[in-house]
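Asks: One structure follows; several queries about it will come next.
Bear in mind that the values in this text are calculations on the coordinates, not laboratory data. Predicted model only: the values in this text are computed from it and were never measured. Note that each Cβ is placed from the backbone with ideal geometry, even for glycine, and that neighbours are counted across all protein chains shown.
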Amino acid sequence: MLVKTTCPICHCDTYIQVDAEEYARWQAGELIQVAMPYLHPEDREMLVSGICPDCWDEQLVDEYGDGEDLWLSEEDFDETGFNPYMGCYDFDC
Ligand SMILES: [Zn+2]
């Protein structure tokens with residue numbers, strides 16, 4: 001069967017070919033990696049969250065591509081109220 005997913009980030013539609021019986025098992029509560037172990041992680045992610053491979057790649061780049069983002073992200077800012085733009089965190093100054 002063909003499963004259509006809509007990416008929550010870029011809103012593109014992607015179709016994945018999966019076995020209907022396995023898909024039903026996943027829908028019934030079985031872990032997707034157990035029901036469809038042959039799927040690539042990207043494909044599983046697409047089924048689970050709808051995120052398309054392009055955005056998945058960009059997410060990875062955002063998270064791991066820039067060293068500074070590793071320790072200071074917008075999420076950190078939201079959770080702690082820590083404002084990276086109002087203080088000096090350079091030990092030299
Ligand atoms: Zn996308």
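Asks: Quote the charge dipole size of region 2-67 about the Cα centre in Debye, to the nearest 20; the model charges only the Cβ of Lys and Arg (+1) and of Asp and Glu (-1).
Replies: Roughly 320 debye, rounded to the nearest 20.
Asks: Further, regarding this structure: Bins of 5 Å, beginning at zero and ending with the bin holding the largest distance: percent of Cα pairs per bin for region 2-67, please.
Replies: Pairs per bin, as whole percents: 4, 17, 26, 22, 15, 10, 4, 2, 0.
Asks: Karplus couplings for region 22-37 from phi (6.51 cos²θ - 1.76 cosθ + 1.60, θ = phi - 60°), rounded to Hz, Gly and Pro as x?
Replies: Per residue, the Karplus-derived 3J(HN,Hα) values read 5, 4, 5, 5, 5, 4, 7, x, 6, 4, 5, 6, 8, 5, 9, x Hz.
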